[in-house]
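Written below as structure tokens is the structure these notes are about.
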Amino acid sequence: MTGSQAAVVFRFLRRRVWQVAPVVFGIAMLNFLILQLAPGDVVDVLAGEAGAATPEYMARLRVHFGLDKPVWVQLAYYLKNTLMLDLGFSFRQNMPVLTLIMERLPATLLLMTTAMGVAVAAGLALGVLSARFVHRAVDRVISVFVLITYALPTFWLGLMAIVLFSARLGWLPSSGMTDIGVKLDGFAYLRDVARHIVLPALTLATFYLAVYAKLVRAAMLEYFGADFIRTARAKGATETRITLFHALRNALLPLMTLLGLQLGSILSGAVLVESVFSWPGLGRLAFESILARDFNLLLGILLFSSVMVTLLNICVDAVYALLDPRIEL
Amino acid sequence: MEARTFLKTAAILGFALCALGLNPANAQTQGENPVRGGFLNVNIQTEPVTLNSAINTTMYIGEVSSKILDGLVSFDADLNPVPALATRWEVTPDGRTISFELRKGVKWHDGRDFTAADVEFTLKEVWQKLHPFGRSAFGNVTKVDIPDPHKIVLHLSAPAPYLLNYINTYGAQILPRHLYEGTDVVNNPYNAKPVGTGPFVFKEWVKGSHIRLERNPDYWQEGLPYLDGIVIRFIPDPAARVVALQSGEVDVAVGSALPPTSVGQFENNPNYAINVIDGNYLATIAYLQFNVRNKPLSDKRVRQAIAHAIDKAALLKVVYLGYGKVATGPVPSSVTKYYAPDTRQYPLDLERAARLLDEAGYKADASGKRFKLRQLTGAGQVQNTRTAEFVKQALAKIGIEVELQIPDYATFLRDAFTEWDYDMMNSSMHRMPDPTLGVQRIFWTQNIRKGVPWTNNSGYSNPKLDAIMEQAAREPDEAKRKEEIREWQQIVQEDVPILELVEPLWYTVSSARFKKRALQGDGLFSSYADAWLEPKK
Amino acid sequence: MYLALLKELLRNRSAAAGLILLAVVIFAAALGRVWFAGDPWEMSAMPMIWPGQDMENPLGTDVMGRDMATGLVSGARVSLLIGLSSTLIAALAGITAGALGGFYRGWIDAFLMRVTEIFQTVPQFVLAVVLVAIFKPSVATVTFAIGIVSWPPTARLVRSEFLLLREQEFVLAAHTLGMGDFRLIVTQILPNALPPVIVMAALNIATAIQTEAALSFLGLGDPNVMSWGTIIGNGREQVVDAWYICGLPGIAIVIIVLAFNLLGEGLNDALNPHLKER
């Protein structure tokens, strides 16, 4: 990388960060204010779970958690702490929020990347096949398949997969990330995780797979009529070569854009899939924290995931520019 | 449902198993020839939030912490105390002094000696200050003496006949003084990695996944525990729990972790055993409670009418699939000493219900409707939401339209106990072995306290009853106390501020390879020191 | 114009398929109202009768002995109601934000786009769950929550259409003639920006129905209303032994979502004729 290129990248990043900052701040405000409207606080839940508690005990807990302070003081604290990357303390789990999130993050990232890998690979393959054999039998079969997978509710598909593959056929485990009963290491451990990830990852992937296949097909058909393809064809390139090298490369761009836009929704999908398959990730943590009214934790997860989505989007933009030199950083 | 269709349904429903309490499968978990070694995989319903039962009595916490930390005693199948950290105890005839001999040579998992100072510290700093019901259970303790390191004497301001029912690892867990003294007990890091005196040592807690415990080689009972360790697994999806037990991923599913609809397939199957006495100590009752501040529920006849409109036997079959008993009053049948079923009962009688409502002045309009009520319960417990749905259907038969409100648990607690914003609510509550601690709190006028969960939120207040309950609390004469508690039950069954519905059973479904030396009435909180896994055949 | 559109739709294969599927669902729901008129919560028979086992409950019963057919019919109504009304909310919010931003540009646009970005960055389903949990589950809150999380794409779409259209000659002409901003937006630009919004709305209904089902599945549906998600959620713990309790409503969701997706695709083809050949 030359010096001027580095400067370009730096300017790009600086500009993006300045665009992103108000969004992140807005999300922080939104999260905090929405949750302020919620009835019931963490002390209600703690005392309720305990089975019995005295008012003195509960008042002491509230002071302890800072819940007795005025809302704006709580907000000021929250924003200040957020700036310093301190997402607060989960009183219910008795752990710092960031620690909890970091504990669960790898499982979710593993699930998300596996699912997305499968979805992108399968979506590309199906889309390319469809476009190459447009209006032929292959295209029609794929279209019907895509239509149906697009309509399947993720959580329902997960339940049905458990019935078929875990309960009836007994091929794959239905829950968790590893077999805890046995201590495994190295290769055996990886195999164990791989066995556990099959069902949740495929379940999460189906929806996106359909979206990508549709998108790739449409984008490629668009490019089949474009000038540079005609030029390639005139130069005597074969159809397969045209499909793979010219049209596909251009179809990747909209795919990247969509991927960036969908990052938030993938995390949402993870809430459902992780709950169905007991996958110990961030999505399940989010849902549990909502049910338990663990404010700090919930705020932390929402903020964290929003920031993550924003950062990943910047990466997507950068990759975008690499794929299409016409776009400036 | 008209009477006839109802009979038909009841007959059809008869398929649901009955009399489970007598199932011989009970005995299967009790074994004779222990085997050393192996890891036991246990499944509990919900992941706990901490592992310190002395500050939080949520069942799931106790189900794990009981393996690591001990109490003074445990309870046998008939709820009689069995020595644990206390070897002997004595109560003076006036009931004002209780002394305990403590076990010698017991070591904490970090090697320090266990002494009476640990008990004193936990009593004064934790049970009396932070334990949800320890404040009531140990409230009368004014002074503690330690004549020698292995003896502790409690002096009471008034007799507390119930105290001895709460000294197991669930009711009064003993914490290591050297790790807690001078710290903020609620936020002590050892709450999440406890150091105890129990048969298993805490090893790791992978949040969202499992807790691993390993054998304590220096356990105070020679040769125990038999197991090398325990892995407690959290599986949030009920269907997945069933699959896990079937596939052998877990060996034991404690505390009704499996949905009742799935238990049938494990019955009469030689590979599995079902234990239904583990929860006797908790003595849980599912109930429907009325906010008696609100019209028309302020009228006793309306409450009685509602009681007559709900077929508890059908509820037991439809919602609990027969895993339980019909409740007859506030004191559950497992508390045999004080159980009084010969109080006023409310059999299904729609005509009588209609008559009572007419008398109260709530006549049916042309379409058969009388009035509308809101019913509140918390989301999360399937049995509670299903009971709410059942009640809604039942009351429609007598012209009462019910609107269900099923918010998340926190909102439920707020609406029910802080705002008192509901007409009827249903839930379930542990009544524990003694009515003074477990039952008095839901009827006592002094316990009408805004913002405190599981208090008397119905608003029911009866000075005569208050006097009887207060007398029973300090009554040293057992026979007299029994009579007082019977009278108490008669009064509330007549006034029905709370309609007791069902005593659900806590069932533990396990592989038949899982055995224990002795069964326990507080089996949910068993230490598993005497548990083992028979080799695979 | 609309008659022509309908003709066009019926000639389009996917739109026709979508319309037929939708008609079938609506017909089944309407007919079901007559045949399975009872209360879907009525515990009328033995629990877990399999479909086809007993002709009184042709589609079987759930874990509490409630008739599946009655429940499915009730669910169709709930799904359609929530799907349509939340899409309406999303469309109104999206059109308002997009039209204002695209028409006025400047700081209004910048502000509205930041707000849109915020809503697009926060994981949408999680936000919907939070909203429903806070305002207590009911048909109204579920509808509102789904509407709130699904307006941003419409806003972006409308905005880009407005940015293009406001420079068109007919708009400039109307402006020169002294037409006020409001009339200009509503009578001149909006009708021309609407076709892609209609396509998006059709697809939005499908997503909204899935979201409603997912919320009910997690126990965040209106407890007084039986929707398909409620049935799936109730049958979840029994899914291994009685999979039909979860299976049937799931199939119903697939059919209705499929119908709206096909309709949306058909509309897209019909409204954007230059793409038809593909």
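The values are calculated or read from the model by the stated rules, or taken from the named source; none is laboratory data. These figures come from a predicted structure and were not determined experimentally. Quick reminder, even Gly has a Cβ in these numbers, built from the backbone with ideal geometry, and neighbours come from all protein chains shown. Ligands, DNA and RNA are stripped out before the accessible areas are found, and what is left, the full protein with its side chains, is counted by its heavy atoms. Shrake-Rupley method; radii C 1.70, N 1.55, O 1.52, S 1.80 Å.
Numbers below:
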| read-out | value |
| --- | --- |
| Pairs from B:Lys129/B:Lys312; B:Lys392/B:Lys450; B:Lys325/B:Lys450; B:Lys363/C:Lys136; B:Lys312/B:Lys516; A:Lys69/B:Lys193 whose Cα-Cα separation, in the structure shown, is over 29 Å | B:Lys129/B:Lys312; B:Lys325/B:Lys450; B:Lys363/C:Lys136; B:Lys312/B:Lys516; A:Lys69/B:Lys193 |
| Summed buried accessible area for A+C [probe radius 1.4 Å, Å², rounded to 100] | 4000 |
| For B:411-423, mean number of other protein chain Cβ atoms within 10 Å | 4 |
| Theoretical gain in end-to-end length, B:Thr87 to B:Leu179 [0.36 nm per residue, Cα-Cα removed] | 30.7 nm |
| From the C-alpha gyration tensor of the range B:130-276, square roots of 5λ in Å | 36, 20, 17 |
| Whole-Hz ³J(HN,Hα) from phi, Karplus 6.51 cos²θ - 1.76 cosθ + 1.60, for the range B:194-203, glycine and proline x | x, 10, x, 10, x, x, 10, 9, 5, 10 |
| Hull volume in cubic angstrom per residue (convex hull over the Cα atoms of chain B) | 144 |
| In order through the range B:249-260: 3J(HN,Hα) via Karplus (6.51 cos²θ - 1.76 cosθ + 1.60), integer Hz, x for Gly, Pro | 5, 10, 9, 9, 10, 8, x, 6, 5, 8, x, x |
| Spin-label pair C:Ala37/B:Lys124, simplified geometry with 7 Å Cα→Cβ offset, distance in nm | 7.6 |
| Nearest-0.05 FRET efficiency for B:Arg517 and A:Thr99, computed from C-beta distance (R0 41 Å) | 0.55 |
| Protection proxy ranking of B:60-70, A:97-107 - average other beta-carbon atoms within 10 Å, highest first | B:60-70, A:97-107 |
| All aspartates and glutamates inside 18 Å of B:Lys107 as judged from Cα atoms, apart from same-chain residues fewer than 8 positions distant | B:Asp70, B:Asp118, B:Glu120, B:Asp148, B:Glu181, B:Glu214, B:Asp218, B:Glu222 |
| Label-reachable residues, the range B:297-333, where backbone N falls under 11 Å from a point 7 Å from B:Asp349's Cα toward its Cβ | B:305, B:308-309 |
| Sulfur and carbon atoms: percent of accessible area, chain B [1.4 Å] | 51 |
| Amide hydrogen neighbours beyond the local backbone of B:Leu40, cut-off 5 Å, H modeled | B:Gly229, B:Ile230, B:Val231 |
| Convex hull of Cα atoms in the range B:282-504, direction-averaged projection (nm²) | 11.4 |
| Chains A and B together, accessible area buried on both sides, 1.4 angstrom probe, square angstrom | 3800 |
| Protection-proxy order for peptides C:7-13, B:30-36, A:108-114, each taking the mean of Cβ atoms within 10 Å per residue, highest first | A:108-114, C:7-13, B:30-36 |
| Model label zone, A:Tyr189; criterion: amide N under 18 Å from point 7 Å along Cα-to-beta-carbon; scope the range A:108-141 | A:108-111 |
| Average partner coverage of B:201-211, which counts Cβ from other chains inside 10 Å | 4 |
| Backbone N within the range B:66-81 under 16 Å of label point (7 Å from B:Arg112 Cα along the Cβ vector) | B:69-70 |
| In order through the range B:207-221: 3J(HN,Hα) via Karplus (6.51 cos²θ - 1.76 cosθ + 1.60), integer Hz, x for Gly, Pro | 4, x, 10, 7, 10, 10, 10, 10, 4, 8, x, 9, 4, 5, 9 |
| Residues with amide H under 5 Å from that of B:Ser74, placed H, sequence gap 5 or more | B:Val82, B:Ala84 |
| Neighbourhood net charge (13 Å Cβ-Cβ; Lys/Arg +1, Asp/Glu -1) for B:Glu401 | +2 |
| Cα convex hull volume per residue for the range B:458-508 (Å³) | 124 |
| 4 °C / 1.567 mPa s Stokes-Einstein diffusion coefficient of chain C, Kirkwood radius on C-alpha pairs, µm²/s | 63 |
| Solvent-free Debye scattering, log10 I(q)/I(0), computed from the Cα coordinates of the protein assembly as shown at q = 0.04, 0.05, 0.07, 0.09 Å⁻¹ | -0.24, -0.37, -0.71, -1.14 |
| Cβ-derived FRET efficiency at R0 30 Å, A:Leu79 paired with C:Leu88, nearest 0.05 | 0.25 |
| Cα-based shape type of the range B:377-518, given that a ≥ b ≥ c are square roots of the gyration tensor eigenvalues and the cut on a/c is 1.5 | oblate |
| Solvent exposure of the range B:351-418 as accessible area per residue, Å², 1.4 Å probe | 37 |
| Two-decimal log10 I(q)/I(0) for the range A:107-176, as the Debye equation yields it once each C-alpha is a single scatterer, q = 0.21, 0.24 Å⁻¹ | -1.02, -1.09 |
| Helix-only mean residue ellipticity at 222 nm for the protein assembly as shown, each DSSP H run of n ≥ 4 adding -39500 (n - 2.57), per residue, nearest 500 | -16000 deg cm²/dmol |
| Hydrodynamic radius of the range C:1-130 per Kirkwood, over alpha carbon pairs, in Å | 18.9 |
| Interchain or long-range residues, amide H under 5 Å from B:Tyr507's placed H | B:Ser256 |
